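These notes concern the structure reproduced below.
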Amino acid sequence: FVMMGWLIATRSARGAEETDDRPKDVVAAAVVDAGRVLLAQRAHPVELAGKWELPGGRVESGETHAAALVREIREELGAEVEAGDAVGKPVTLPNGLVLHAYRARLRAGTPAALEHLDLQWFTADDLRRLDLDDVVPADRDWIPELCIILDDA
Ligand code: CDP
């Protein structure tokens, strides 16, 4: 009973501190269709606004990466995708979040910028011409791998 009291006290104290117990993983989708990849232009925060990224977001507790990817694309683009193979290596952000990119195939719907400023389909040549300053820092390392994927598509 003493042990149980300690457990309850510890848990409520942690809750009061607003600790973030969510997984550190973020998933991002490389939706590839007809030899092009879909990039989304961030609306916020200010330092990232206007920069291109692979759309996605944080994995929730108990969620697989594939399920998180499907949910995030449904929320952000209003489209249904199927998650595929990993793209490149995971990227660790300064805040400790770890970003994982996966290929994704469109199953239904037409992607729309529900939470982004804009969406654009990029060919490998478009990506090679893209100024990396216009890409979200964490996503920059994935561009060469995306070019290879598109060249093979
Ligand atoms: O909305 P949610 O918190 O699920 O996700 P988010 O705010 O879109 O992304 C979580 C974190 O991952 C933020 O720090 C984003 O800047 C970062 N992120 C990124 O660097 N590159 C992406 N392709 C997607 C997210």
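The values are calculated or read from the model by the stated rules, or taken from the named source; none is laboratory data. Model, not experiment: these values are computed from the prediction. Every residue, glycine as well, gets a Cβ built from its backbone with ideal geometry; the counts of neighbours run over all protein chains shown. These accessible areas exclude ligands, DNA and RNA; they are computed on the full protein's heavy atoms, side chains included. Shrake-Rupley method; radii C 1.70, N 1.55, O 1.52, S 1.80 Å.
A few comments on the model shown:
- Qualifying residue in segment 30-47 (condition: open to solvent by 40 Å² or more (accessible area, probe 1.4 Å), in contact with a helix residue (DSSP H, G or I) (Cβ under 7 Å, 6 or more places away or on another chain), within 13 Å of the ligand (Cβ to nearest atom) and not polar (S, T, N, Q)): no
- Matching residues, segment 83-128, being open to solvent by 60 Å² or more (accessible area, probe 1.4 Å), in a helix (DSSP H, G or I) and of a type outside the set (Lys, Arg): Asp125
- Subset of segment 71-82 [touching a residue at least 24 places away in the same chain (Cβ under 8 Å) and either open to solvent by 50 Å² or more (accessible area, probe 1.4 Å) or not in a strand (DSSP E or B) (or both)]: Glu72, Ile73, Glu75, Glu76, Leu77, Gly78, Ala79, Glu80, Glu82
- Matching residues in segment 97-142 - criterion: being basic (Lys, Arg) and either farther than 16 Å from Ala30 by Cβ or touching a residue at least 12 places away in the same chain (Cβ under 8 Å) (or both): Arg103, Arg105, Arg107, Arg128, Arg129
- Filter result (more than 9 Å from the ligand (Cβ to nearest atom), farther than 20 Å from Leu114 by Cα and either open to solvent by less than 30 Å² (accessible area, probe 1.4 Å) or in a loop (DSSP other than H, G, I, E, B) (or both)) within segment 49-69: Ser61, Gly62, Glu63, Thr64
- Filtered by the rule that a residue be over 14 Å from the mean Cα position of the chain (by Cα) and either farther than 18 Å from Glu72 by Cβ or small (Gly, Ala, Ser) (or both), segment 36-50 gives Arg36, Ala43, Val46, Glu47, Ala49, Gly50.
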